[in-house]
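Peer 1: Below is one structure. I have some questions about it.
All of the numbers you see were taken from the coordinates with simple rules; none came from a lab. Remember, predicted model here, so these are calculated numbers, not experimental data. All Cβ positions, even for glycine, are placed from backbone atoms using ideal geometry, and neighbour counts span all protein chains on display.
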Amino acid sequence: MKMLRFLFLLAVSGLLAACVGPQLRGTGDLGLIIERASGQVTLINTSSRQPYARIDGLGDLSHASVVYSRDARYAYVFGRDGGLSKIDLLEARIVKRIIQSGNAIGGSISQDGRIVVAQNYTPGGIKAFDAETLELLSEVPAEYAPGKFSKVVGLADAPGNKFAYALFDGGEIWVSDFSNPRQPTTQRFPAGSQPYDGLITPDGRHFLAGLFGEDGIAMLDLWQPEKGARKILENYGRGEQKLPVFKMPHLRGWSVAQGKAYLPAIGRHEVLVVDVATWQEVGRIAVRGQPVFVMARPDGRQVWVNFAFPDYAKVDVIDTLSGKITQELAPGKGILHMEFTPRGEQVWLSARDDNKVVIYNTGNFAQVGEIAVNSPSGIFFTHRAGRIGF
Amino acid sequence: MALAEPTATRQKELVRMVRQDCGSCHGMTLQGGLGPALLPAALKDKPAEGLAATIYYGRPGTPMPPWQQFLSEAEAAWIVDKLISEFPQ
């Protein structure tokens, strides 16, 4: 595996300073961008707004996702082809890489940082690895009926070294407890038809699974699991003809802002607003396409929304105080993902078909930077290391 | 199958659409994801007409949407023809 370093690498202080010996450096302003078509990642610095290294040899990175070690030095990259790669952001190299399944969709890291869990489509289930060595510790096959295995979606870390996730084919939410990492125990909860993704609220209390096969979202209170999963936002479509969904929305804990959850509707060009104290719908906001990512700025004042094909050149910004769209942006072609800097003064957006990442100032919506990246998709900054559900 | 081949430019657009947009569920390398694999081995027992209809009309009850706003039936048939042999990069 070879690593291509950019020529201006040496201009970035503190990293790989080969000529002057290693310098100490933190990772709080670092991150990485997935280059989905070429199996590469670009490592970036959000202070300089520049890339500082590129790493290749990571396999099929379409739909790849990343979690960070609790010291925010290592990135775990989950590839579509089942590859799990551990990358050192400071040394800009792959520390370890394994192929852990045939077809994966993402992963998560435990509360104590010691277990990395991958969620798999084929064979359906989750697998737990030692975060240090990537040694396989245990697995939980998603066998929801004898001989029937489900694709796993929505995997999220929960307090107590638990992981919550949903079974697309099985229609259930499962919670696996890895207190003993080699012998996990699992609880099952009926959820509804075709859960497509899930999220855990930032306090680690509620797990939500968005449903594709019916209107509504299944919600499990992890503080009171004995009450089971219940439906919220039931029948929000009220039997109306659904619009086609050309890409499934993505759910994560970033949807929660100012005591409300902002969630993508399925088959409707709307963001649904739910009060997280009562779990009642309190509003709907019309947007310019099928929402994919509905992400709150870290302070919760704004919610940024991107869209599925064919509306993925647009981004809408909701002002959470007024509940209205205040910006209709056109940042580039094929906007696949967004990531806020730790305190939200900037947002980085990947424009896949323009082969660039654009950087916006979230205060005045001016573009403040741009990085050339080959077919970028996910953008992941290290502040995810300290957040539940990321 | 006697197909009116799409123009070279259109073929490139269709290939890109399959890899990038269909790829969000079926995988960019078409090995499957939330949607099934679209590689020749996975499709070999399925009639081509049915596959083309799935692309054009979608499959109710599954997440597969209809793509008829974006391509013609002949173009859907061309995509199937390429999928069951070898899909261009």
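Peer 1: Going by a ≥ b ≥ c, the root eigenvalues of the Cα gyration tensor, does region A:215-309 fall in the rounded group (a/c under 1.5), the prolate group (a/b larger than b/c) or the oblate group?
Peer 2: Here region A:215-309 falls in the oblate category.
Peer 1: Which of the trypsin sites (Lys or Arg not before Pro) found in region A:186-257 are in a DSSP loop and have at most 12 neighbouring Cβ atoms, other than their own, within 10 Å?
Peer 2: Of the trypsin sites (Lys or Arg not before Pro), the ones in loops of region A:186-257 whose Cβ has at most 12 other Cβ atoms within 10 Å are A:238.
Peer 1: Moving on to the next point. What is the Cα centroid distance between region A:177-241 and region A:37-100, reported in whole angstrom?
Peer 2: After rounding, the separation between the Cα centres reads 29 Å.
Peer 1: Considering only DSSP states other than H, G, I, E and B, which GluC sites (Glu not before Pro) in region A:159-241 qualify as loop sites with at most 12 other Cβ atoms within 10 Å?
Peer 2: Taking region A:159-241 and a limit of 12 other Cβ atoms within 10 Å, the loop GluC sites (Glu not before Pro) found are A:240.
Peer 1: Under the rule of -39500 (n - 2.57) per DSSP H run of 4 or more residues, summed and divided by the residues of the protein assembly as shown, what mean residue ellipticity at 222 nm is obtained, to the nearest 500 deg cm²/dmol?
Peer 2: -2000 deg cm²/dmol
Peer 1: Taking square-rooted eigenvalues a ≥ b ≥ c of the alpha carbon gyration tensor, is region A:255-339 rounded, prolate or oblate, where a/c under 1.5 means rounded and, failing that, a/b exceeding b/c means prolate?
Peer 2: prolate
Peer 1: Return the lysines within reach of residue A:356: Cα separation strictly under 19 angstrom, same-chain partners fewer than 8 residues apart disregarded; answer none if there are no such residues.
Peer 2: Partners within reach: A:314, A:333.
Peer 1: For residue A:227, which aspartates and glutamates qualify as cross-link partners when the Cα separation must be under 17 Å and same-chain residues fewer than eight apart are set aside?
Peer 2: Output for residue A:227: A:172.
Peer 1: To the nearest Å, what is the center-to-center distance of region B:1-63 and region A:248-316, using C-alpha atoms only?
Peer 2: 29 Å
Peer 1: Between the DSSP loop rule and a limit of at most 10 other Cβ atoms within 10 Å, which GluC sites (Glu not before Pro) in region B:15-89 are left?
Peer 2: Filter output for region B:15-89: B:86.
Peer 1: Which log10 I(q)/I(0) values, to two decimals, does chain B give at q = 0.12, 0.25 Å⁻¹ under the Debye formula with one point per Cα?
Peer 2: Each listed q corresponds, in turn, to -0.31, -1.62.
Peer 1: Separate question: So if the hydrodynamic radius of region A:292-369 is defined as the Kirkwood radius over C-alpha pairs, what does Stokes-Einstein give as its diffusion coefficient at 25 °C and 0.890 mPa s, in µm² per second?
Peer 2: 200 µm²/s
Peer 1: On to the next question. Would you work out if chain A is rounded, prolate or oblate? Take a ≥ b ≥ c from the square roots of the eigenvalues of the alpha-carbon gyration tensor; rounded if a/c is under 1.5, else prolate when a/b is larger than b/c, oblate otherwise.
Peer 2: Oblate is the answer for chain A, as a/c is 1.5 or above yet b/c matches or exceeds a/b.
Peer 1: OK, next. Residues with beta-carbon under 15 Å from that of residue A:225, excluding residue A:225: net charge, scoring Lys, Arg +1 and Asp, Glu -1?
Peer 2: So the surrounding residues net to +1.
Peer 1: Would you tally the net charge around residue A:382, using a Cβ to Cβ cut-off of less than 10 Å, leaving residue A:382 out, and scoring K and R as +1, D and E as -1?
Peer 2: Here the count lands on 0.
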